[in-house]
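Undergrad: Below is one structure. I have some questions about it.
The values are calculated or read from the model by the stated rules, or taken from the named source; none is laboratory data. Just so you know, these numbers come straight off a predicted model, no measurement behind them. Ideal geometry is used to build each Cβ from the backbone, glycine not excepted, and the neighbour counts take in all protein chains shown. Protein only, heavy atoms only, side chains kept; ligands, DNA and RNA dropped before computing areas. Shrake-Rupley method; radii C 1.70, N 1.55, O 1.52, S 1.80 Å.
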Amino acid sequence: MNDFKIKFHPLGGLGQIGSNMMQVLTPKSNLIIDAGILFPNDDFFDIDYLIPDYRAIIGIPTDIIITHGHEDHIGAISHFCMAFPNANLWASSFTAELINAKLSYAKIYKAISIFEEKSVIEFKDIEIHPIHVNHSIPQTFGLLLKDKKNDFGAFYVSDFKVDKKTKYEAFFNFKKLNSLSKKLKHRILLPDSTNITSKRRRTLSESDLIDDLKKVISAKKNRIFITTFSSNLHRIQTIINIATKEKRWLIPYGRSMVNYIEAGLKCQIIKDPKNIIKQSDDNSINKDSAIILLSGCQGDFYGTFRRVSYGHDKLFVPDKKDTFIISSKAIPGNEKNVNNVLNQLAEIGVEIYTSDLGKFHASGHAGIDDLQELYDQYEPHDIIPIHGETIFIRRHIKNIKKKTKSNYHFLLNYHQLIFKNDYTTMNIPPKEEFKPLFINQKSGVIEKETINERRKLATQGTVLLSSTFQSPSSVFKMQMFGLPKFLNDEESEIDYQIAEIIAKHKKTSRTSDLEEKIRVDLRRFFVNKYSIKPIVFIHFL
């Protein structure tokens, strides 16, 4: 059916922070924007990340365009390429470096078409114009999707801020956006909602951090550990510049920190004029006064920041003479992990600098005033808030109603928002329920039922009963896992109860029925006697 102008079909990124993926359809085009991952909560056992359910994708997309190189926008690219091997892949040069590393790890060969801001990506009935925006990673683009007749346009800008003081990149290119969009009869905006609840109305510039970082670093003579997002190469360039002036070595530590810096050097985004950057295993330098850049700023269990802070690292063990600068913010849900690491450092007695003591971190996302400037410049007829948890999207809509005359639309994952030829809309829910897929990098998809089983095993403990005979005098063996140690002293009582339970059901002929009856009664015994409800497995040889 061609009785519509454009459809928006998000598969991730709405109602959550992460897993960003938007399908865009026109009568003659079928495109995907971004392919990100969502990081799991602590109680998802042995899960590396989550991705959208690609079964929900409508038809077969011909192309995927990547806006920038953050994990929540490129982390699932290998999964997408395996699902749609014939789709053309578009990215900027720096983002392509990051994607190539992921595809190489997955043993996938895929050509990447490189676009620049001056590029025009042509399709049958629309064209895409990349618009440079400010963010916390280089080469971030908003995408203006415009029909060939200059009738309508949709500006997709999931991650941005307006940084008018940056020293490292161009400003948000409102001039290009305006020149391409002002004559359009209908303008649609899909903007970032991440910082809509922030008390800071205008997001700090990266340049705002220079003085406070310089003040702390220049005042310290011993080691300084700085943790920040590895992808924030502009922040890292600030630290390189300060280290150069202070004549101190800078050591990137942690796989992602090393990888991002190497990509930045290759693409000439990072500049190291005096060869200040050194490898962690370089024994020719004095590390006692070095600046060490740590990855893992979210305090994740296997992250470098946590490993070093807990004294579990083979190269760097913190000392009370050290200084730690936390040049990052905890992503919602990670606050406990970060606080645990900070408390560990406090026990050691190191000096800790966080954002409540100075300007050590700047967000990459728009505050309310940044959003207002975008509204004023683009003058959208319709606004669809994206990139945020559900409460953020609702708050964004409240702000739109208050600050603009635009139509607003509440959209969630797997729904379709259809703009008809007269620009009236339909919001269509999915015909079936789709949930994110749980991914273990080594074994692939893990079903939700398996996660539930793992949770029960981890939280309730396990009793394993095996026997060689099906009779009251059976020789059985019992093993307990994850249960209180005092039960070891109760072994004779438990053995007696097992014998009684087996005797009770000795006339049961079918082995499967016998196993189930014994399982139920044995679990009931543990509940009644010890107020413990373990998972019980019965196995007859």
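Undergrad: Hey, can you find the accessible area per residue of the chain for me, probe 1.4 Å, expressed in square angstrom?
TA: 48 Å²
Undergrad: For region 332-392, count all C-alpha to C-alpha pairs, find those more than 14 Å apart, and express that count as a whole percent of the total.
TA: Here the tail beyond 14 Å accounts for 75 percent of pairs.
Undergrad: Continuing with the same structure: Give me the angle, in degrees from 0 to 90, between the Cα long axis of helix 368-378 and the longest principal axis of the Cα atoms of the chain, rounded to the nearest 10.
TA: Roughly 50 degrees between the two axes.
Undergrad: Can you give the FRET efficiency for Phe434 and Ile60, using 1/(1 + (r/R0)^6), R0 = 22 Å, r = Cβ-Cβ distance, to the nearest 0.05?
TA: 0.80
Undergrad: Sticking with this structure for a sec: Any chance you could give the angle, 0 to 90 degrees and rounded to 10, that helix 335-348 forms with the longest Cα principal axis of the chain?
TA: The helix 335-348 is inclined about 80 degrees to the chain.
Undergrad: Regarding region 223-271, what's the average projected area of the Cα-atom convex hull, expressed in nm²?
TA: Convex hull of Cα atoms, orientation-averaged projection: 3.2 nm².
Undergrad: Once you sort the root eigenvalues of the Cα gyration tensor of region 84-162 as a ≥ b ≥ c, which label holds: rounded (a/c under 1.5), prolate (a/b larger than b/c) or oblate (the other case)?
TA: Verdict is oblate for region 84-162.
Undergrad: Using only the alpha-carbon atoms, how far is helix 448-460 inclined from the longest principal axis of the chain? Give it as 0 to 90 degrees, nearest 10.
TA: Helix 448-460 and the main axis of the chain meet at about 50 degrees.
Undergrad: So what's the back-of-envelope 222 nm ellipticity for the chain, counting only DSSP H runs of four-plus at -39500 (n - 2.57) apiece and dividing by all residues, rounded to 500?
TA: -9000 deg cm²/dmol
Undergrad: Shifting gears a bit: Taking all protein chains in place and a 1.4 Å probe, what share, in percent, of the accessible surface of the chain do carbon and sulfur account for?
TA: Of all accessible area on the chain, carbon and sulfur atoms account for 50 percent.
Undergrad: Hey, rough spin-label estimate for Lys517 and Lys28, points 7 angstrom out along Cα→Cβ, what's it come to in nanometres?
TA: In this crude label model, Lys517 to Lys28 measures out at 7.3 nm.
Undergrad: Run the numbers for Asp48 and Asp3: contour at 0.36 nm per residue of separation, minus the present Cα-Cα distance, in nm.
TA: Stretched out fully, the Asp48 to Asp3 stretch lengthens by 12.0 nm.
Undergrad: Now a separate question. What are the radius of gyration and Dmax of the chain, computed over its Cα atoms and given in Å?
TA: Looking at the chain, its Cα Rg and Dmax stand at 28.0, 90 Å.
Undergrad: Sort Arg202, Arg455 from largest to smallest accessible area, using a 1.4 Å probe on the heavy atoms of the protein chains.
TA: Arg202, Arg455
Undergrad: Mind checking the full-extension length gain between Ala219 and Phe171? Use 0.36 nm per residue of separation minus the Cα-Cα distance, one decimal, nm.
TA: Working it through step by step, the gained length comes to 14.1 nm.
Undergrad: Here's something else I'd like to know. Rounded to the nearest 5, what % of DSSP beta bridges with both residues in the chain are antiparallel?
TA: 50 percent
Undergrad: Apply 1/(1 + (r/R0)^6) to the Cβ-Cβ distance of Asp288 and Glu262, taking R0 = 35 Å, and write down the FRET efficiency to the nearest 0.05.
TA: 0.85
Undergrad: Using label points projected 7 Å from each Cα along Cα→Cβ, tell me how many nm separate Ala330 and Thr462, to one decimal.
TA: 3.2 nm
Undergrad: Going by average Cβ neighbours within 10 Å, how do the peptides 383-390, 527-534 rank, with the highest at the top?
TA: So the order, starting with the most tightly packed, is 383-390, 527-534.
Undergrad: Under a point spin-label approximation (7 Å from Cα along Cα-to-Cβ), what is the Ser179-Asn421 distance to one decimal in nm?
TA: Distance between label points: 3.4 nm.
Undergrad: Would you mind putting 132-141, 214-223, 182-191, 412-421 in packing order, based on average other-beta-carbon counts within 10 Å, highest first?
TA: Most protected by this proxy first, the peptides run 132-141, 182-191, 412-421, 214-223.
Undergrad: Based on the mean of other beta carbon atoms within 10 Å per residue, what is the order of 476-484, 203-211, 20-28, most packed first?
TA: Highest to lowest by the protection proxy: 20-28, 203-211, 476-484.
Undergrad: Still on this structure: Calculate, for Leu357 and Arg255, the FRET efficiency according to 1/(1 + (r/R0)^6) with r their C-beta to C-beta distance and R0 22 Å; round to the nearest 0.05.
TA: FRET efficiency, Leu357 to Arg255: 0.15.
Undergrad: Given axes a ≥ b ≥ c from the Cα gyration tensor, I'd like to know whether region 142-237 is rounded (a/c under 1.5), prolate (a/b larger than b/c) or oblate.
TA: prolate
Undergrad: Show me the chymotrypsin sites (Phe, Trp or Tyr not before Pro) within region 267-305 that DSSP assigns to loop and that have at most 16 other Cβ atoms within 10 Å of their Cβ.
TA: Of the chymotrypsin sites (Phe, Trp or Tyr not before Pro), the ones in loops of region 267-305 whose Cβ has at most 16 other Cβ atoms within 10 Å are Phe301, Tyr302.
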